[in-house]
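What follows is a set of notes on a single structure, which appears directly below.
The values are calculated or read from the model by the stated rules, or taken from the named source; none is laboratory data. Since the model is a prediction, treat every value here as computed from it, not as a measurement. Positions of Cβ are backbone-derived with ideal geometry, glycine not excepted, and every protein chain shown enters the neighbour counts. The area values use the complete protein model at the heavy-atom level, side chains included, leaving out ligands, DNA and RNA. Shrake-Rupley method; radii C 1.70, N 1.55, O 1.52, S 1.80 Å.
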Amino acid sequence: MKIAMIGQKGIPAKFGGIETHVAELSTRLVRLGHEVLVYSRRWYTPKGMNRVNGATIVRLPSVATKHLDAISHTFLSALHAALFVRPDVYHFHGVGPSLLSWIPRLLAPRATIVTTFHSVDRNHEKWGFFGRMALSLGERTAFWFADETITSSRTLTRYAEKEFGRHAAYIPNGITPVHTSVDPLLLSPFGLQPFSYVAMFSRLVPHKGAHTLIAAWQRARALRPDLLKDIKLAIVGGSAFTDSYVHKLHMMAAHDDSIVFTGYQTRDPLNALFAGARFMVHPSLSEGLPIAVLEEMSYGKAVIGADIPETMELVKEYGVPFPAGDIEALSDAIIDLLQDPMKAAAIGHAARTYVETSYNWDDIGNDVLALYGKHAMVRQGVFAVR
């Protein structure tokens, strides 16, 4: 089976949950014997990189601005796939890219079209009125043109049923089990010591809540200078067409040498940052099923997470919830875990066990492949009758 992945920035995954999702899913589908093409934006995937873990990369241009990057690249990708590649399955990732899922429906009617509804993107603060309207329409096209719509969280599955009266297949994000030691040499360029920092891993966009975390961290340091005097906060990630917001964060931390911005990291440095943290904080106000939280839990780390429904699917029983946006509550939770390292360790151990057994990419790859096959047979049968 030939499968085209459309809508993501590209692979290898440098940042972003969708990119990690596509990279991990593509790897599994290739291992299962299928041909996978991943459409990548030229600014994202390095020139000359043609394959990753067996998946073929198709680099195409885009209009690299906040509003046009995704839709321009999706348009070219869908046309290229329909006219030149002719895949058996078109898999669109995100409700914005699903706006153009009519292209293969028109040009390749025998193909199977699948959309993954990763999150309610129109709730993200970065979008203005027209962006929100387009994304709202994208939610509908995720069901109109697709043979199957996948949701990555149970919360999104219920949302689809309530808003559109449509069934969606729940297939969550996953993790690859990791058991790694901490390499202090990889942390030293950031001025960090193993287990002497708290971390946040995220793109620096407003709805992810880094500003809430910085304010809570500074409050915790003011309340308990004795407890936090040798502990740092590492914010791992960077801009996503949000340079003004990133500047605001740096201004908030301008006179606080306990806050470290590492920028985007990959491979060994990223693994070291995960492994060396005391615990994690995820203050995001809008998610699908947050891959960052799954990864943090897979490293055996306690996660303090905002109590939005999607994040609560993970941290309600196996983490530390706090009221979303509540600076004082988050500050108190940080102090509580720093005061009780054994509590943090116990939560982290339980979290690792939970995600390793419930969110495995190998199982997810099999589930997605079964869904492809079901609809491919249905469509082939329909056209055979005709």
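Just the residues that are out of contact with any helix residue (DSSP H, G or I) (no Cβ under 8 Å at 6 or more places or on another chain) and either open to solvent by 30 Å² or more (accessible area, probe 1.4 Å) or outside any helix (DSSP H, G or I) (or both), please, taken from the stretch 10-19.
14, 15, 16, 18
Any idea which of 316, 343 is open to solvent by 10 Å² or more (accessible area, probe 1.4 Å) and over 22 Å from residue 156 (Cα atoms)?
Being open to solvent by 10 Å² or more (accessible area, probe 1.4 Å) and over 22 Å from residue 156 (Cα atoms) holds for just one of 316, 343, which is 343.
Residue under question is residue 7, and the condition is that it be without any contact (Cβ under 8 Å) to a residue 60 or more places away in the chain and touching a helix residue (DSSP H, G or I) at 6+ places or on another chain (Cβ under 9 Å); does it hold?
no
Which number in (1) at pLDDT 95 or above; (2) open to solvent by less than 40 Å² (accessible area, probe 1.4 Å); (3) not hydrophobic (A, V, I, L, M, F, W, C) marks the one condition that residue 238 misses?
Result: residue 238 passes all but (1).
Only one of 188, 181 is out of contact with any strand residue (DSSP E or B) (no Cβ under 7 Å at 6 or more places or on another chain), part of a loop (DSSP other than H, G, I, E, B) and open to solvent by 20 Å² or more (accessible area, probe 1.4 Å). Can you tell me which?
181 is the lone residue from the list that is out of contact with any strand residue (DSSP E or B) (no Cβ under 7 Å at 6 or more places or on another chain), part of a loop (DSSP other than H, G, I, E, B) and open to solvent by 20 Å² or more (accessible area, probe 1.4 Å).
If residue 195 meets every condition in (1) at positive phi; (2) among the aromatic types (Phe, Trp, Tyr); (3) modelled with pLDDT under 95 apart from one, which number is that one?
Going through the list (1) at positive phi; (2) among the aromatic types (Phe, Trp, Tyr); (3) modelled with pLDDT under 95, residue 195 breaks only (3).
Say we look at the stretch 20-40 and pick out the residues that are more than 14 Å from residue 364 (Cβ to Cβ) and buried (at least 22 other Cβ atoms within 10 Å of the Cβ); which of these is farthest from the chain's Cα centre (by Cα)?
Filtering first and then ranking leaves 36.
Here is a list: 295, 287. Which entry is open to solvent by 10 Å² or more (accessible area, probe 1.4 Å), under 18 Å from residue 174 (Cβ atoms), touching a Ser or Thr at 6+ places or on another chain (Cβ under 6 Å) and of a type outside the set (Val, Ile, Thr)?
Testing whether each residue is open to solvent by 10 Å² or more (accessible area, probe 1.4 Å), under 18 Å from residue 174 (Cβ atoms), touching a Ser or Thr at 6+ places or on another chain (Cβ under 6 Å) and of a type outside the set (Val, Ile, Thr) leaves just 287.
Could you figure out which of (1) touching a Leu at 6+ places or on another chain (Cβ under 9 Å); (2) touching a residue at least 60 places away in the same chain (Cβ under 8 Å); (3) small (Gly, Ala, Ser) isn't true of residue 305?
(2)
Please give the number of the condition residue 45 fails out of (1) closer than 24 Å to residue 368 by Cα; (2) surrounded by 21 or more Cβ atoms within 10 Å (Cβ to Cβ).
In the conditions (1) closer than 24 Å to residue 368 by Cα; (2) surrounded by 21 or more Cβ atoms within 10 Å (Cβ to Cβ), residue 45 misses (1) alone.
Would you please name the residue that is least open to solvent (accessible area, probe 1.4 Å), looking only at residues in the stretch 72-81 that are over 21 Å from residue 371 (Cβ atoms) and of a type outside the set (S, T, N, Q)?
Within the stretch 72-81, the match that is least open to solvent (accessible area, probe 1.4 Å) is 73.
If you check 130, 92, which single one turns out to be among the hydrophobic types (A, V, I, L, M, F, W, C), open to solvent by less than 10 Å² (accessible area, probe 1.4 Å) and either in a helix (DSSP H, G or I) or modelled with pLDDT of 95 or more (or both)?
Among 130, 92, only 92 is among the hydrophobic types (A, V, I, L, M, F, W, C), open to solvent by less than 10 Å² (accessible area, probe 1.4 Å) and either in a helix (DSSP H, G or I) or modelled with pLDDT of 95 or more (or both).
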